[in-house]
1. Which residue fluctuates most in the GNM of the chain (Cα springs below 10 Å): SER245, SER146, SER202?
2. Looking at the chain, which longest stretch skips every one of the GluC sites (Glu not before Pro) that is in a DSSP loop with at most 12 other Cβ atoms within 10 Å, leaving the sites themselves out?
3. Take the alpha carbon gyration tensor of segment 91-179, find the square roots of its eigenvalues, order them as a ≥ b ≥ c, and report rounded if a/c is under 1.5; if not, report prolate when a/b exceeds b/c, else oblate.
4. Determine the dipole magnitude for the chain: charges of +1 sit on the beta-carbon of Lys and Arg, -1 on that of Asp and Glu, nothing else is charged, the reference point is the Cα centre, and the result goes in debye to the nearest 20.
5. Can you give the helix-only mean residue ellipticity at 222 nm for the chain, where every DSSP H stretch with n ≥ 4 adds -39500 (n - 2.57) and the sum goes over all residues, rounded to the nearest 500 deg cm²/dmol?
6. Suppose the chain between MET359 and SER199 were pulled fully straight at 0.36 nm per residue; how much longer would it get relative to their current alpha carbon spacing?
7. Which residues does the label zone of TRP148 cover in segment 110-138, counting backbone N under 16 Å from a point 7 Å along Cα→Cβ?
8. Taking the chain, how many lysine pairs are there with alpha carbons less than 21 Å apart, if each pair must be eight or more places apart or span two chains?
Amino acid sequence: MFRHPPEFARMPAVIPAAAPTRRSLGVFRVAFVIPTLDQSGAERQLTMLACGLPRDQVQLHVFALDRGGCYEQALQQAGIPVQILHKRRRFDPAATLRLRSALRTYQPDIIQSFLFSANTLIRLPGIAPTSAKLIVSERCVDSWKSPWQLWLDRRLARRAHSLTANSLSVAAFYRNLGVPAERITVIPNGIATATATHSRLSARQTLGLRSSAFVIGFTGRLAPQKRLHDLIWAFQLLHQVIEDSQLVLIGGGPDEPRLRKLLAGFDCGSKVVFAGHRADAAQLLPALDAFVLPSEFEGMSNSLMEAMAAGIPCAVSNIDANRELIRDGETGSLFPLGSGPEIARCLLRFQRNPERTAMVAAQAAEFVRNELSSEQMIRRHLDLYRSLLNR
């Protein structure tokens, strides 16, 4: 029982209770910081996480450094405030000050950033409120980074309370850059189960594909690290064996002109469809008989996870990040990085062994459903937040 000290013995026994704070009520504030809200992997994961966090426990605010994008509307429809800071240049002091002011106004308990520019800014001295716990989220084995970017990552490695990596290979990359192992938490990407809106036939009609063809596909950004020229070489070989075959590339990006130029020298060019960027890419996966991801580096590919979840047979390059999703012969097929002939052999096996291929694809869908759901991703983040706040 509480007893007053002797010097306060004659004071009134009733002391007014302090007004409850949000923390005393079990509620905490999280600020997400990201460069844009374009349709891409990190932005998709942020939106899924923000929309799935329990509102009776977490207050949210999203800060986009450069611009909004397709996910801005989804966040706002979920009642999550979004503030665009209009960063114009790589180094924009005015936008940096706007971020500093916005964070001090909001006073978050946790600040979680995504991608290089946001991860850098929140770790600079004086930007984040000193009371906030800082989490940087890394999404890829960032071998693309220039020396000055890697230098910055090393200098700032200990200025965050935690780093989340979406795969073991990403965790290893940043551990080697100097992030203490005890501050790294691996939280795989999550995928939300969605009701298919397209049948195989309607998806093919939408993409302009023949109903009878053996269709190979890729969804994602047409960027050099995806090594889609390997896939085109493989298709040039495959269509010599499977005459009624087509290749569809769903997405846009800087590598498209080079890929079109490569196709101009092949006789399979008329069988390749550039579908362009599509917001409904995941809904069009039923059109495919096989999905191929030939990347030279990844974090944890959202496109691959979506194809697996949709029950599409998957063949992927034999790199660390892909091996975390694809077990060769069990949940898909692995091929040596850069080998067009081996890609073609994988696809030929898919086409010639339909029962075995269907079994492997079903096992892949079950793996994603059991291990990589959006609910699990959200729960793992909540556990991390509570762990940091209780330190």
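Every read-out reported here was derived from the displayed coordinates using simple, explicitly stated rules and does not represent laboratory data. Since this is a predicted model, take the numbers as computed values, not measurements. Positions of Cβ are backbone-derived with ideal geometry, glycine not excepted, and every protein chain shown enters the neighbour counts.
1. SER146
2. Working: sites that count: GLU243, GLU330.
Here the longest run is 1-242.
3. Working: a/c = 2.23, a/b = 1.57, b/c = 1.42.
Cα axes put segment 91-179 in the prolate bin.
4. Values: 47 positive and 33 negative charges, 318 e Å.
That gives the chain a dipole magnitude of about 1520 debye.
5. Values: 14 runs with 150 residues, N = 391.
Calculated mean residue ellipticity at 222 nm is -11500 deg cm²/dmol.
6. Values: separation 160, 0.36 × 160 = 57.60 nm, distance 2.00 nm.
Taking MET359 through SER199 to full extension adds about 55.6 nm, to one decimal.
7. 116-118, 120-121
8. Values: LYS87/LYS145; LYS145/LYS226; LYS226/LYS261; LYS226/LYS271; LYS261/LYS271.
Taking the chain as the scope, the lysine pair count is 5.
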